Every structure is written in C-alpha cells, then in structure tokens.
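A.B. asks: Supplied in structure tokens, the structure appears directly below.
The values are calculated or read from the model by the stated rules, or taken from the named source; none is laboratory data. Keep in mind that what you see is a predicted model, and the values were worked out from it rather than measured. Cβ sites come from the backbone with ideal geometry, for glycine too, and all protein chains shown count toward neighbours. Protein only, heavy atoms only, side chains kept; ligands, DNA and RNA dropped before computing areas. Shrake-Rupley method; radii C 1.70, N 1.55, O 1.52, S 1.80 Å.
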Protein chains: 2
Amino acid sequence: MSPDDHHRIETIALLEGTPPHVGRLLAEAAEIRALAAGELAFVAGQRPQFLHLILSGRLALIGEGAGAETMVEAFGEGEALLTPAVVLDRLYLLSARAMIDSRLAAIPAESFRALLDREPALARAVVTQLARHWRVLIRQIKDLKLRAGAQRLASYLLAQDRDRSGRIYLLMERRLLARRLGMTPEHLSRAFAQLRPFGVAAVGRAVTISDESGLRRFCDYDAVT
Amino acid sequence: MSPDDHHRIETIALLEGTPPHVGRLLAEAAEIRALAAGELAFVAGQRPQFLHLILSGRLALIGEGAGAETMVEAFGEGEALLTPAVVLDRLYLLSARAMIDSRLAAIPAESFRALLDREPALARAVVTQLARHWRVLIRQIKDLKLRAGAQRLASYLLAQDRDRSGRIYLLMERRLLARRLGMTPEHLSRAFAQLRPFGVAAVGRAVTISDESGLRRFCDYDAVT
DNA sequence: GCTCTCGTTTAACAAATATCAAACGCGCAA
DNA sequence: TTGCGCGTTTGATATTTGTTAAACGAGAGC
C-alpha cells in the first residue's frame, strides 16, 4: 500500500473527530482492492468479510429480488460502505457494484468491530454516519410512497450539486438513474419530457434548470437537510 | 414519575449492554407524556426537543408531502423513537402519531446527546439500534421498488409474529397498513383477495396462512434477518 | 472518418394502481 | 335491540407505470 493510500484512509470523512491512532490502526489492517467497472465488492446473502472505504471511483448498492434489481444508493470517493451488515455481522441485504473502475480499502470486518467496541470516538463517528444515511433512506421512502415518477426526478435534480454556472452533472447513466429513482429507463425519459415546461434541459449528462421555483412547487420539494 | 416507570426506562431494549448508571441518568432526566390516540409526539420540520421512549402504546412515524401522508414504520412498547433528527440535532423529516393511547418517556435531546458523547456503551448501543433500523428501511425500499402490492402484503405477513396456532394478529387497522405498504386501502383489499389462493384468510385483524411455502414463492420472500 | 454497438428516445399497447362511488358490515351508543 | 357511523369491500373508470418494439444518436474501436 502506498503512503498516499495510507493517508487517504486515515483522513476519510467517517473518521472525522476520532484520534489519529484509530485511522492508523484501520489503515494498517486494510488491504487495497482494485475493481473494474461492473465488478462486485460484495454480494447480497454473503457474510461480510470487510468494511470497504472508497479511495477512488464510485459504487452502487444494489438490491435484488423478484427477478429484478434496483439501485438503492451510490457512494463516491472518500465515502465508506458502512452497511449494517458489517456492523452487526449479519448477511448482506444488498450487493455493491463498481459503477466505474474503483479502488477500495478493505478492512477486515472483525478488526473493525473490535475497534468499534474499544474506541468510543469511532462508535460516536459511526452513530453520526448511520444517522445521516438513515435520513437519506427516509427521503427515498417518502419519495417512493408520496411522489410520482416525474416528481421524484425533479426532487432528485434539485438536491444535486451545481457548478458555478448552475449546471448539474449527472453522476450516472440514465439507465441507472432510473433504477435509483424506482422507475424504468423509458419512464425516466418521459419524466424528463414532463419537466421541460419548467426549463429542465438535459444534454448528455449536463442538466440545466431555468424555472427552479416552479420546479420546487411541482414536486413539493423539501429542502430540509 | 412512578418507580415502575423508572424501572421501565432503565431496562428499555435500547440500553442493553450499557452500565446501570446510564439508564438511571436517562430516567432522572425524563418526563412522562401521555398521548391520546391520534395525538402527535412530534411534527416534521420541528427541531427535536426530546428523545422519546415508548412505555406503553404504539406510535407511527408519518411522512407528509405532496398533499398526502404515509406511514414509514410503527413502534411499540419498549422501543425508542431513535430518529436521526435527535442524534444529529436536525429538523425532523417525519412526524410521530399515537396509534392508540400511549405513554412516553421524554428525555431532553440535549441531555441525550451529551450522554452519547460521554458514555461509550451508549454510543455502541445506539450504533446497534440504528444499524437494525437501517436494515428495516432497506427492506422497505427493496419492497417498494421491486415488488407489486400483493407481493408486499405477502412479504409483510410472512415477517409478522404468529401465536401458538400460527395465527397473525395485525397491529393496525387496514387503512394504516395500506399506507405502511405504500398503497391505497382499496388496493390493499384487492391484494388480500389476490392472496386467497394461497390460503390467506383474514377475519378482522386475525390472519391465517395455509399454503405458506406457496406464499413465499409468490413474493420471492427473503428470510434473511 | 466510419461503422458498430449500446444506451436513449419515441410510440403503441398492456398491466398495475389510484380514484370515485356505492354497498356492505361491524361495533357502539341510545 | 335498533340505528348510526365509520372502516372495509366491491365495482367501474381514469391515471400512472411497465412492456415491447423500433428508430435514433452518441461514443468506442478499427
């Protein structure tokens, strides 16, 4: 492992507020895994072997069932795949697939849980992290139950980061975005068409919104973070 | 507060594994709130004032948006409404409503967070609790995205506790169950009809299943806990 | 620069779900 | 008991979403 990898593991967002030796211990226990786009970091039904930190690239959490699959959430550089399966030592409910070529730090699950018991600051950091994800999941459930497809798309777009000129760059291809939003690619395409009256213009992965307040009203956007 | 209430707070499931003085401190900081059926413990958009423990009764977490409302999850006696809003000191994303007359222990959010920072065992217990809920939410998201209404109902029924004779007793009226499952009451009624070929018989709130393995196949039931 | 492939869009149609309306039935109070 | 109120069921219809198929278009490799 390169000193650079070591440093990236020690300074990952999850560990914010923990004493330096926690990061050092985790980095020492970690091994580096390179995944090509499409490869799986873990599979639903498996027993977790590692806690994965994303050093570079992007991974999607995938749910399978009833002969289909869906994307629950995607994570990028500097984030941890901190799934409850690892924390609780239960079987994975989701699989993780690399959306692009990625490099992961894999920390043995057993070491991580041992450290979790021993290091109060780590437990406290994990509480914060899990609580944040909880809110992301709650938003998704509210969206799925209360909003139609086009409204979910609008809501998703409004929550994305913009560049200086207000443009949004979609982090995934539309097929995947459709699965993230709980609809088919065909339906997503129609949803984009429905948003055109609000000045939503999509060119490739770049999206611009001209009537943002109209779009907010359309989807009853909830800006609470 | 009665000694009995005191004892119930100290022995709540959330605190399993924490030293006795943690429960004692929480119980001393708590005040008792009685809610009549239909009353709200907190409202989405509010800043959390308390962590609520359910001493008796049953509460539903309700999401509002786009002019409608939905039930995300329900909690009963001995459980805590351990929402991320309280942990992170953010605005509530959900409201909590008493489904029946209930008694709550309300612990000032500030005291709870302070104790969370000070007591490693509490942080560790909260990690476990949040992780468990995470899995409940993931199941719901997978259900909503991958399964049709009747399959979600089947899946829900198969996950419920049975009495000695194998009967299931529904914990809520059907109107609410419909919202929990992400459908209308009318659709739920038709979903029950769709399950009749598998020997699903509902009389009031009592439900029996005669062809359980058939039902499992029908909804592609995932028994992973 | 040119295909070739594969993701996206469009269209027609089918299935699932919601809506509206009315009938039903069960519990509760007079 | 009898009648009332409210939750549930049933039916007809509308809307939303998924499916199938085909056309389109942009990017990768030759």
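A.B. asks: First measure r as the distance between the Cβ atoms of A:Glu186 and B:Val203, then evaluate 1/(1 + (r/R0)^6) with R0 = 56 Å and state the FRET efficiency to the nearest 0.05.
C.D. replies: It comes to 0.85.
A.B. asks: Shape call for the stretch A:148-219 from the C-alpha gyration tensor, a ≥ b ≥ c root eigenvalues: rounded (a/c under 1.5), prolate (a/b greater than b/c) or oblate? List each step's numbers first, then the result.
C.D. replies: On the way: a/c = 1.68, a/b = 1.19, b/c = 1.40.
In terms of gyration-tensor shape, oblate.
A.B. asks: Across peptide B:138-150, what mean number of C-beta atoms from other chains lies inside 10 Å of a residue's C-beta? Before the final figure, lay out the partial values.
C.D. replies: Numbers: counts 10, 3, 5, 12, 11, 5, 7, 15, 9, 3, 1, 0, 0.
Mean shielding by partner chains, rounded to a whole number: 6.
A.B. asks: For the protein assembly as shown, what does the helix formula give at 222 nm: sum of -39500 (n - 2.57) over DSSP H segments with n ≥ 4, over the residue count, nearest 500 deg cm²/dmol?
C.D. replies: Numbers: 18 runs with 196 residues, N = 450.
Mean residue ellipticity at 222 nm (helix-derived): -13000 deg cm²/dmol.
A.B. asks: Under the convention of a label 7 Å out along Cα→Cβ, give the distances in nm from B:Gly214 to the same position in every other copy, shortest first.
C.D. replies: 5.4
A.B. asks: Further question on the same structure: Would you mind telling me the share, in percent, of accessible area of the protein assembly as shown contributed by carbon and sulfur at probe 1.4 angstrom?
C.D. replies: Carbon and sulfur: 50 percent of the exposed surface of the protein assembly as shown.
A.B. asks: Let's test this: bin the Cα-Cα distances of the protein assembly as shown at 20 Å from zero up to the farthest pair and state each bin's percent.
C.D. replies: The calculated distribution, bin by bin, is 23, 56, 21, 0.
A.B. asks: Nearest 100 Å², what total accessible surface is buried between chain B and chain A (probe 1.4 Å)? Numbers along the way, then the final one.
C.D. replies: Numbers: alone 12130 and 12090 Å², together 19610 Å².
Chain pair B/A: roughly 4600 Å² of buried accessible area.
A.B. asks: Continuing with the same structure: B:Asp89 to B:Asp4: extension gain in nm, 0.36 nm per residue of separation minus the Cα-Cα distance? Walk me through the numbers on the way to the answer.
C.D. replies: Working: separation 85, 0.36 × 85 = 30.60 nm, distance 3.00 nm.
Working it through step by step, the gained length comes to 27.6 nm.
A.B. asks: Tally Lys and Arg at +1 and Asp and Glu at -1 over the other residues with C-beta under 13 Å from the C-beta of B:Ala27: what net charge comes out?
C.D. replies: Details: positive: B:Arg8, B:Arg24; negative: B:Asp4, B:Asp5, B:Glu10, B:Glu28, B:Glu31.
Taking every other residue near B:Ala27 into account, the sum is -3.
A.B. asks: Now for a separate question. Run the numbers for B:Val224 and B:Glu173: contour at 0.36 nm per residue of separation, minus the present Cα-Cα distance, in nm. Walk me through the numbers before you get to the answer.
C.D. replies: Numbers: separation 51, 0.36 × 51 = 18.36 nm, distance 2.70 nm.
15.7 nm is the gain from fully extending B:Val224 to B:Glu173.
A.B. asks: May I ask you to work out the translational diffusion coefficient for the stretch B:3-144 at 37 °C, viscosity 0.692 mPa s, via Stokes-Einstein with Rh from the Kirkwood sum over Cα pairs, reported in whole µm²/s? Please report the intermediate quantities before stating the final value.
C.D. replies: Values: Rh = 15.4 Å.
Using the Kirkwood radius from Cα pairs, D works out to 213 µm²/s.
A.B. asks: Next up: Rolling a 1.4 Å sphere over the protein heavy atoms, what is the accessible area per residue of chain B, to the nearest Å²?
C.D. replies: 44
A.B. asks: Sticking with this structure for a sec: Please build a GNM for chain B, connecting alpha carbons under 10 Å apart, and tell me which residue among B:Leu146, B:Leu59, B:Leu35 fluctuates the most.
C.D. replies: Among B:Leu146, B:Leu59, B:Leu35, the largest GNM mean-square fluctuation belongs to B:Leu146.
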